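In what follows, a structure is listed as structure tokens, so that the remarks can point back to it.
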Amino acid sequence: MSRPTVLRVPPLSPQLHDAVGEQYDALDLPAEGRPAFLAEHGAEVVAIVCTNGGQVDAGVINALPNLRVIANHGVGYDNIDVPAALARGIAVSNTPGVLDDAVADTALALLLAVRRRVVVADLFVRAGEWQRGEFPLTTEVSRSRVGILGLGRIGRAIATRLEAFGCTVSYHSRHEVPGVPYAYAASAAELAASVDNLVAVVPGGASTAALVDREVLDALGPTGVLVNVARGSVVDQDALVAALVEGRLGGAGLDVFAAEPEVPAALADLDNVVLLPHVGSATHETRAAMRALTLDNLASWLDTGTLLTPIPE
Ligand code: DGY
């Protein structure tokens, strides 16, 4: 019996790439010559597997007349043209729930690293500077006021961790979240004005583009720290670089950037920023769980026509 044909959109981890190949007839979307490839093979494809670095735009979707499902390896799915998929009745899944702890840990790691200057202190020791004098004092995360932009699953996992640090947690989301013990701010700027540290964890996409703009950064101010574990698009990156360079913002911990893997050169010259290569969910444990859920969604749709974790409506 012939197996369904699944299009693998790069980049995929070798494990996910190989697992798809073991279970299905797999094709790889090439980096070059896509129109010719899609014209030749498009009709064979019933499913796509992708991750946040791989764009699945309307051009790809509409070149696949028999496409029925897109299984995204990641909770964020701003890499997919969802309206184009839904217009054709194509189902889309993501991987919520399994990466909350890893991303929350990353947010805390960034906040601690910036506030306690962990990276700079490490370089200080390695350079032998300790012998010449003490490292300058830093600022605590414990008992600080932390604002969370986006109180979904990951935001709540961050809040729980911050409670253990004795922090005062407040948040801004599109809607007030019932039943949480955190103060709600009506806007991102209002939230930023009332906290020491701001953590962005909203979904990417048009509705959150540049949510953290100059007004928000100035409200956070010269002693404030921004942590972004969401998407680069959530922050006006030019405004962020300017605020840091001009000393209008105290520091930043960034796991995501506007045009990954490009990182503004000016950031690399600053010692009050910590830069990570989008590794929020990148642990062995979490990536295995994300991979399993991606494959389970695909199998579920192909077997029963239902997804385990469809993207929110
Ligand atoms: C996600 O799942 O959206 C994360 O950004 C992947 O690391």
Can you give the translational diffusion coefficient of the stretch 160-313 in µm²/s, computed by Stokes-Einstein from the Kirkwood radius over Cα pairs at 4 °C and 1.567 mPa s?
75 µm²/s
Note the angle between two axes, namely the Cα long axis of helix 153-164 and the longest principal axis of the Cα atoms of the chain, as a number of degrees from 0 to 90, rounded to the nearest 10.
30 degrees
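In debye, nearest 20, what is the charge dipole magnitude of the stretch 100-275 about its Cα centre with +1 on Lys and Arg Cβ and -1 on Asp and Glu Cβ, if you could check?
400 debye
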Pull up all non-local amide H partners of residue 27: gap of 5 or more, or a different chain, and H-to-H distance under 5 Å with H placed in the peptide plane.
6, 7, 8
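Per DSSP H run of at least 4 residues, take -39500 (n - 2.57); add these up for the chain, divide by its residues and hand me the 222 nm value, nearest 500 deg cm²/dmol.
-10000 deg cm²/dmol
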With no solvent term and unit scatterers on the alpha-carbon positions of the chain, Debye gives log₁₀ I(q)/I(0) at q = 0.07, 0.10, 0.12, 0.14 Å⁻¹ of -0.32, -0.62, -0.84, -1.05
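Taking 0.36 nm per residue of separation and subtracting the Cα-Cα distance, what length does fully extending residue 206 through residue 242 add?
10.7 nm is the gain from fully extending residue 206 to residue 242.
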When the charge dipole of the stretch 100-275 is computed with +1 at the Cβ of Lys and Arg and -1 at the Cβ of Asp and Glu, the Cα pointing farthest to the positive end, of 152, 183, 203, is that of 183
Cα-based helix-to-principal-axis angle, 284-304 vs the chain, degrees rounded to 10
30 degrees
With Cα atoms, 0 to 90° folded angle of helix 100-115 axis to the chain main axis
30 degrees
Any chance you could check the Cα centroid distance between the stretch 277-307 and the stretch 98-161 for me, in angstrom?
28 Å
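Here, each number is a calculation from the coordinates, and none is a lab measurement. If you're wondering where the values come from, they're calculated on a predicted model, not measured in any experiment. Here Cβ is always computed from backbone atoms with ideal geometry, including for glycine, and neighbour counts include all displayed protein chains.
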